[in-house]
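First the structure, in the form of structure tokens, and then the observations on it.
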Amino acid sequence: MMTKVKTQGLVTDLMPNIKLMQAAGHFLFNYHSDNSGMSMLLRKVYSSVHAVLIVVNYVCMAINMAQYSDEVNELTANTITVLFFAHSVIKLLFFALNSKSFYRTLAIWNQSNSHPLFTESDARYHQLALTKMRRLLYCICGVTVLSVASWVTLTFFGESVRFIANKETNETMTEPAPRLPLKAWYPFNTMSGTMYIAAFALQIYWLLFSMAIANLLDVMFCSWLIFACEQLQHLKAIMKPLMELSASLDTYRPNTAELFRASSTEKSEKVPDPVDLDIRGIYSTQQDFGITLRGAGGKLQTFGQPTPNNPNGLTQKQEMLARSAIKYWVERHKHVVRLVASIGDTYGTALLFHMLISTITLTLLAYQATKIDGVNVYAFSTLGYLTYTLGQVFHFCIFGNRLIEESSSVMEAAYSCQWYDGSEEAKTFVQIVCQQCQKAMSISGAKFFTVSLDLFASVLGAVVTYFMVLVQLK
Amino acid sequence: LNSENLFLNRAKIVMKIMGVWIPPPNESIISKIYKFIMMFFQYLILLFLIIYVFQMWGDLDAVSQAFYVLFTQASLCFKVTVFLVNKNMLMQLLKQMKSDIFAPKSAEHESILILYASKIKRLLLMFMIAAQTTCALWALKPLFDDVGSRKFPIDMWMPVTSENSPQYELGFVFQFVTITISAYMYFGVDSVALSMIMFGCAQIDIVKDKIMTIVSIHDAKEDERKKILQDNHKKLVECVIQHGAIASFIQITENAYHTYLFFQLTGSVGIYCMSALRILVIEWQSMQFFSIVSYLFVITSQLFIFCWCGHELTATSEDLHTVMYKCLWYEQDLKFKRDLCFAMMRMSRPMIFRAGHYVMLSRQTFVAILRMSYSYFAVLNQTKKN
């Protein structure tokens, strides 16, 4: 049986997503426990078969579109369907070509720093991120399955016809077409019989897998953003105990136990009394105190002599703990910035393609929407396409917006933590942090646009404008 | 000087009469029943309106007439529900209003508070009068416009017909009273949200006043200088703490009331279209025309008050950054200057009140909403002509 593959960091958190992507046919060949040549070959064959089937059926749909391009309504409807599924083909190809970049982003969080005072907070926010990521995955999987189910159900309603333009009289006639979910050209006759059933089954498989391919990649992107946001929340939460710790360095306080008591006025991170922690045994040398940078990372900065005028009578270890807390915070923040930059580099181009195709699709859908004349199959299918396309755009816009808000609110958290009582060192730290955090971290679509709710609002506004203009032109 | 009473006394009285203010800890069963009955009537009217719209679907005129009353009623039900659901946040806000940080420390501060309170109360009074006028005009419509035929003030599905005598009067009174109550509830809930924002503005002005009382050390004697410097630094720290408290106060207000504000802003666009379409068809001599015009005035004034308040908050907090620079910082010690630098960095970010955590309340938003409504109205008008 397959042994549990040893993973760390983001890969562990995103394992269900990765497994689903491998099942859907993405060219994701890492993160298996068994890497023998035979099983790798089998996996490559599996992905290639899926890729071939998806591309072939897509080409059949395109041929159908070219075949019946005389009549405007038929052409518009077919173009929308072709564009709709272009997302899946593009995402499949994009992942196959850029898998190195994806692996690199997934590996960024493999080694993270830690500090004994803040491990509890770190674990809590990590768990929160994990819960949210799982919930998002289930939600999107549910939506995908629901969409496929409703698409197949809708096939059985209404007339199964296609529109043909009569060349002599220039009016539209209807011609019977096979009752399939998607209009495509097949080399065999699919009007009835076993070939009809085979084509139907193929199309159901195709619908499910192509939607899954597109959506699962988007879920991975949004999960990365969720993780980054929760890390920023963790950093905001430990700001206050960190300030109190730093304040202890050169503000005279009579009682060392007072130093680490969390302020009782508001709910804040519980800073444990360091004499409870078994630091005396573990951190006996200056080399292995506070910060443990496992694996790759910078050289550990050794602090010099402890300040001679420390009036609080802190032991050397306690003082190192206080100083190392600031370093932990800054290093962790830099790590998050690296993660966000890597996410942007990896997925930015895919977002650009997505937005380009969605814009064209939505324009055509606005035109289709002007022709709705009642509650029928046409109305449902047009509204379904609209909702799904807008929903996809909304999905990554909302998470991109959350990242922007979280990263720009770090400054407010830093400002609100009673810095005026702190030491000069602490104040300088907070000031420099605030300067950096004034500029929010954002994801851009290959530098063309920023992913935020403004983008979604402008897309929605554009659709409504086109709709109104087209309605007036009728 | 009790800030809560200064800003909210009218709203409190109105809402206590309506039974929807924060209940005391040991609320009697009678007041609970009273609140339930009030809310029940409002939701009942909403239900009747929805039934009417479904009945009249297809007739654009009748639907547009019913639609704007439907939207108003839906907006009110949503508002009062959000208000009641978020009463914990309201209690927190009221507690903060009474806290030491926000207490006025001099006559100057008190006059600032009184000034802002009177500003917002005047605007809300104007809104209240307009709302009551609209209700009165709606009530007078059957008496003036359709004399002879007995119709109800507002077209909606009624469980009783207008033929039988006692039922007609009962139905008439029921509609009139419930609509008037809904206007008062509107006034009450909006008062609370807007008063909180204006309280925040007043507090920012108080901070400006405080920082300008930084004393010069130029003329002081040598031994007094240290003490003055310490006092000035203490004042700066007080200002910083107060600014942080104002920011969190506004944040709590936004969290409590942003949903219905967003709903109202987006709905106002539809209201303007529908009302404008109605105005074009009705002859201008009738009572109905005046009632629609007065209704439009009410909606516009409400929208404007919100956008104006949001803009006041943003403008005042931007001004604070400039005023911080105007104080006598160059005579103070290094510690003061470094702390001032940090405080100004934070204050360079203005406080923004966002409806639905997204739409910024400002005068530009008001103009944008009017523009959007006009373009939708133009399209609908064109479609109707064709």
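The values are calculated or read from the model by the stated rules, or taken from the named source; none is laboratory data. Here the structure is a predicted model, which means the values were calculated and not measured. Virtual Cβ from ideal backbone geometry, glycine too; neighbours counted across all protein chains shown.
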Task: B:MET56 modelled with pLDDT under 90, under 22 Å from B:VAL189 (Cα atoms), of a type in the set (A, V, I, L, M) and surrounded by 14 or more Cβ atoms within 10 Å (Cβ to Cβ) - done: no
- [ ] Output the number of residues of region B:326-344 satisfying the condition of being closer than 30 Å to B:LEU194 by Cβ and either within 10 Å of chain A (Cβ to nearest Cβ) or not in a helix (DSSP H, G or I) (or both).
- [x] 1
Task: Selection status of A:GLN435, surrounded by 15 or more Cβ atoms within 10 Å (Cβ to Cβ), within 13 Å of chain B (Cβ to nearest Cβ), assigned to a helix (DSSP H, G or I) and without any contact (Cβ under 8 Å) to a residue 24 or more places away in the chain - done: no
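Looking for something over 17 Å from the mean Cα position of the chain (by Cα), surrounded by fewer than 20 Cβ atoms within 10 Å (Cβ to Cβ) and within 14 Å of chain A (Cβ to nearest Cβ) - is there at least one such residue anywhere in region B:248-260?
Here is the first cut: in region B:248-260, the ones over 17 Å from the mean Cα position of the chain (by Cα) are B:248.
After this cut, where a residue has to be surrounded by fewer than 20 Cβ atoms within 10 Å (Cβ to Cβ) as well, the list is B:248.
Then keep just the ones that are within 14 Å of chain A (Cβ to nearest Cβ); that gives B:248.
Yes, that holds for at least one residue.
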Open item on the list: Criterion first (among the aromatic types (Phe, Trp, Tyr) and either closer than 17 Å to A:GLN233 by Cβ or at pLDDT below 95 (or both)) does A:PHE394 satisfy it?
Closed with: no
Open item on the list: Given (1) in contact with an Asp or Glu (Cβ under 7 Å, 6 or more places away or on another chain); (2) at pLDDT below 90; (3) under 21 Å from A:TYR415 (Cβ atoms), identify the lone condition not met by B:LEU236.
Closed with: (2)
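Take A:LEU470 and tell me if it is among the hydrophobic types (A, V, I, L, M, F, W, C), away from chain B (no Cβ under 11 Å) and closer than 30 Å to A:ALA369 by Cβ.
no
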- [ ] Output the residues belonging to region A:161-189 that are under 30 Å from A:ALA23 (Cβ atoms) and either small (Gly, Ala, Ser) or under 40 Å from the mean Cα position of the chain (by Cα) (or both).
- [x] A:PRO178, A:ARG179, A:LEU180, A:PRO181, A:LEU182, A:LYS183, A:ALA184, A:TRP185, A:TYR186, A:PRO187
Open item on the list: One residue is enough: does region A:438-452 have a residue meeting the conditions in a helix (DSSP H, G or I), buried (at least 20 other Cβ atoms within 10 Å of the Cβ) and away from chain B (no Cβ under 11 Å)?
Closed with: no
- [ ] Of all residues in region B:104-120, count the ones that are touching a Leu at 6+ places or on another chain (Cβ under 8 Å) and either of a type in the set (A, V, I, L, M) or part of a helix (DSSP H, G or I) (or both).
- [x] 5
- [ ] Go through (1) among the aromatic types (Phe, Trp, Tyr); (2) within 30 Å of B:ASP339 (Cβ to Cβ); (3) modelled with pLDDT of 85 or more and name the single condition A:TRP419 misses.
- [x] (3)
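If a residue has to be of a type in the set (S, T, N, Q) and either away from every other protein chain (no Cβ under 11 Å) or within 26 Å of B:LEU261 (Cα to Cα) (or both) to count, how many in region B:349-386 make the cut?
Going through region B:349-386, the residues of a type in the set (S, T, N, Q) turn out to be B:362, B:364-365, B:373, B:375, B:381-383, B:386.
If we keep only those that are either away from every other protein chain (no Cβ under 11 Å) or within 26 Å of B:LEU261 (Cα to Cα) (or both) as well, we get B:362, B:364-365, B:373, B:375.
The number of residues fulfilling the criteria is 5.
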- [ ] Read through the list (1) over 26 Å from A:ILE80 (Cβ atoms); (2) within 11 Å of another protein chain (Cβ to nearest Cβ); (3) among the aromatic types (Phe, Trp, Tyr), then give the number of the only condition that A:PHE456 fails.
- [x] (1)
Open item on the list: Can you pull out every residue in region A:421-430 that is at the interface with chain B (Cβ under 10 Å from one of its Cβ atoms) and surrounded by fewer than 18 Cβ atoms within 10 Å (Cβ to Cβ)?
Closed with: A:ASP421, A:GLU424, A:THR428
Open item on the list: One residue is enough: does region B:204-223 have a residue meeting the conditions over 30 Å from B:PHE306 (Cβ atoms), part of a helix (DSSP H, G or I), free of Cβ contacts under 8 Å to residues at least 40 places away in the same chain and away from chain A (no Cβ under 14 Å)?
Closed with: yes
- [ ] Would you check which residues across region A:401-412 are within 11 Å of another protein chain (Cβ to nearest Cβ) and in contact (Cβ under 8 Å) with a residue 60 or more places away in the chain and list them?
- [x] A:ARG402, A:SER409
Open item on the list: On the basis of being buried (at least 18 other Cβ atoms within 10 Å of the Cβ) and either outside any helix (DSSP H, G or I) or of a type in the set (D, E, K, R) (or both), does A:ARG134 make the cut?
Closed with: no
Open item on the list: Could you check region B:1-52 and list, in sequence order, the residues that are surrounded by 12 or more Cβ atoms within 10 Å (Cβ to Cβ) and among the hydroxyl-bearing types (Ser, Thr, Tyr)?
Closed with: B:SER3, B:SER31, B:TYR34, B:TYR43, B:TYR52
Open item on the list: Taking the criterion of being touching a residue at least 60 places away in the same chain (Cβ under 8 Å), among the small types (Gly, Ala, Ser), out of contact with any Lys or Arg (no Cβ under 8 Å at 6 or more places or on another chain) and under 30 Å from A:ILE238 (Cα atoms), would at least one residue in region A:143-150 satisfy it?
Closed with: no
Open item on the list: Going residue by residue through region B:271-282, is there one that turns out to be surrounded by 20 or more Cβ atoms within 10 Å (Cβ to Cβ), touching a residue at least 12 places away in the same chain (Cβ under 8 Å), within 14 Å of chain A (Cβ to nearest Cβ) and of a type in the set (Phe, Trp, Tyr)?
Closed with: no
Open item on the list: part of a helix (DSSP H, G or I), closer than 23 Å to A:ALA129 by Cα and without any contact (Cβ under 8 Å) to a residue 60 or more places away in the chain: is that true of A:LYS334 in this structure?
Closed with: yes
